[in-house]
Amino acid sequence: MQLRYSFRMYPNGSQRAALARVFGCARVVYNDALRARETARAEGAPFPKTGDLSKLLITEAKKTAERGWLGEVSAVVLQQSLRDLDTAYRNFFDGLKGKRPRMGAPRFKSRKDNRQAVRFTANARWKITPGGDLSLPKIGDVRVKWSRSLPSTPSTVTVVKDAAGRYFCSFVVETEPDEMLPPAVSEVGIDLGLGHFAVLSDGTKIDAPRFLRRAEKKLKKAQRALSGKEKGSSNRNKARLKVARTHAQATDARREFLHQLSTKIIRENQAVAVEDLAVKGLARTRLAKSIHDAGWSAFLAMLEYKAARYGRTLVRIGRFEPTSQVCSACGVKDGPKPLHVRVWTCGACGAVLDRDINAAVNVAKAAGLAVSACRAQVRPVPVPAQRGEAGTHRDGQTAVVGIPNL
């Protein structure tokens, strides 16, 4: 199995300038190759091959005054830029053929893009120095903060600059098969939501952190400051970085939460059942902001690769399974219920069910996991009467108490 490890880099002033030059050269070669292919398509000419583009746009271009500065960076980075374009075209055509989800056609890159990235292969002769620095050709030894050791020797490294101005080095490595966890006894179903991020079939409820919602006040202040700055000025760039850093803090906190929770669930359970949610469709509703803030897709992806890595079983059930309509105790379908109904009573067996826990148990049962439905029941609790149902009027006359329909 291949896994990606990412570490924070701290280049100095000259190294940041060299990296900016590398990003720019790779972007120019990519755009030149994309322009050549689009021109050939418009003219009905044959599709230019990568080898021909490499000779024309890199080898020959270095000899001209217009593109002579391409020789200031490693040629491997420029070759990889052409391979990235090939991959973009391949993904686009495979999407048209139905071999993968549809993607847009390759687009031109801009120096104002939020994310800049280049890749160094083994031919570039990059290395990790004995002192722990990352030695890159024509850039130097860049300081790296290693949070963990790599399980194997990587062959390539990708250097990334994000919107917040931070630098990262990313490695794709092969994992060893000796990372299998010892077998566990328990199995669990998970129901994802917005009120609680996740509810497990054993009755555990994990609150939704709502990282973006918590950062909204700070983000609003930063965005208001950005809107008042003159375009193209240094102050506007500083204000833009503040907005990007605020978003990055929320993103990092969310990713850390998802990693910790997914690892805990995988370690403690032999099998995990989840619902195959249509997150893209839900993100088009009025709850889009909250759904993106929850990070359901990232969480399910983490569960999937961690289950494969540690020898666990992950089962996805159909998104149209009526998990909230079926009583987990007797199996009778009681029909759809409004979202504000969080506790309901089964008309067949009389069990009082928590909506979320009941759904989690049904998710596990639909996946064929051996879970008990007893924990889906909850004790009936006093329900506060609505304003129009009970109480004493201001004139002193006692109102008739109405019993809510559970």
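The values are calculated or read from the model by the stated rules, or taken from the named source; none is laboratory data. Every value quoted in this text rests on a predicted model; they were computed, and no experiment measured them. All Cβ positions, glycine included, derive from the backbone under ideal geometry; neighbour counts span all protein chains shown. Remember, those area values only see protein heavy atoms, side chains included, never the ligands or the DNA or RNA. Shrake-Rupley method; radii C 1.70, N 1.55, O 1.52, S 1.80 Å.
Below, the figures for the structure above:
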read-out	value
Breaking point among (1) loosely packed, with under 14 Cβ neighbours inside 10 Å; (2) β-branched (Val, Ile, Thr); (3) touching a strand residue (DSSP E or B) at 6+ places or on another chain (Cβ under 8 Å), for Val160	(1)
Any pair with Cβ under 7 angstrom, 6 or more apart, that starts in the range 34-54 at a residue that is surrounded by 11 or more Cβ atoms within 10 Å (Cβ to Cβ) and assigned to a loop (DSSP other than H, G, I, E, B) and ends at one that is of a type in the set (Lys, Arg) and at pLDDT 90 or above	Pro48/Arg37
First in the range 122-138 and touching a residue at least 60 places away in the same chain (Cβ under 8 Å) and under 17 Å from Ser170 (Cβ atoms), second anywhere and among the aliphatic types (A, V, I, L, M) and open to solvent by 50 Å² or more (accessible area, probe 1.4 Å), Cβ under 8 Å, 6 or more apart	Leu134/Ile128
Test for Asp113: is it exposed (fewer than 15 other Cβ atoms within 10 Å of the Cβ) and within 24 Å of the chain's Cα centre (by Cα)	yes
Residue that is most open to solvent (accessible area, probe 1.4 Å) [pool: residues in the range 279-299 that are assigned to a loop (DSSP other than H, G, I, E, B) and over 23 Å from Ile357 (Cβ atoms)]	Arg286
Close pairs (9 angstrom Cβ cut-off, 6 or more residues apart or separate chains): among the hydrophobic types (A, V, I, L, M, F, W, C) in the range 278-293, in a loop (DSSP other than H, G, I, E, B) anywhere	Ala278/Arg319; Leu287/Leu194; Ile291/Leu194; Ile291/Ala283; Ile291/Thr285
Ala308 vs. criteria within 22 Å of Asp356 (Cβ to Cβ), out of contact with any Asp or Glu (no Cβ under 6 Å at 6 or more places or on another chain) and touching a residue at least 24 places away in the same chain (Cβ under 8 Å)	no
Some residue of the range 233-244 being buried (at least 17 other Cβ atoms within 10 Å of the Cβ), within 29 Å of Ala364 (Cα to Cα), β-branched (Val, Ile, Thr) and out of contact with any Ser or Thr (no Cβ under 6 Å at 6 or more places or on another chain)	no
The range 245-278: number of residues that are open to solvent by 20 Å² or more (accessible area, probe 1.4 Å) and not in a helix (DSSP H, G or I)	5
Criterion (of a type in the set (D, E, K, R), under 22 Å from the mean Cα position of the chain (by Cα) and not in a loop (DSSP other than H, G, I, E, B)) met by exactly one of Asp141, Asp191	Asp191
Yes/no for Glu304 being closer than 24 Å to Lys333 by Cα, surrounded by 14 or more Cβ atoms within 10 Å (Cβ to Cβ) and of a type in the set (D, E, K, R)	no
Breaking point among (1) open to solvent by less than 40 Å² (accessible area, probe 1.4 Å); (2) over 25 Å from Val160 (Cβ atoms); (3) touching a Lys or Arg at 6+ places or on another chain (Cβ under 7 Å), for Gly71	(2)
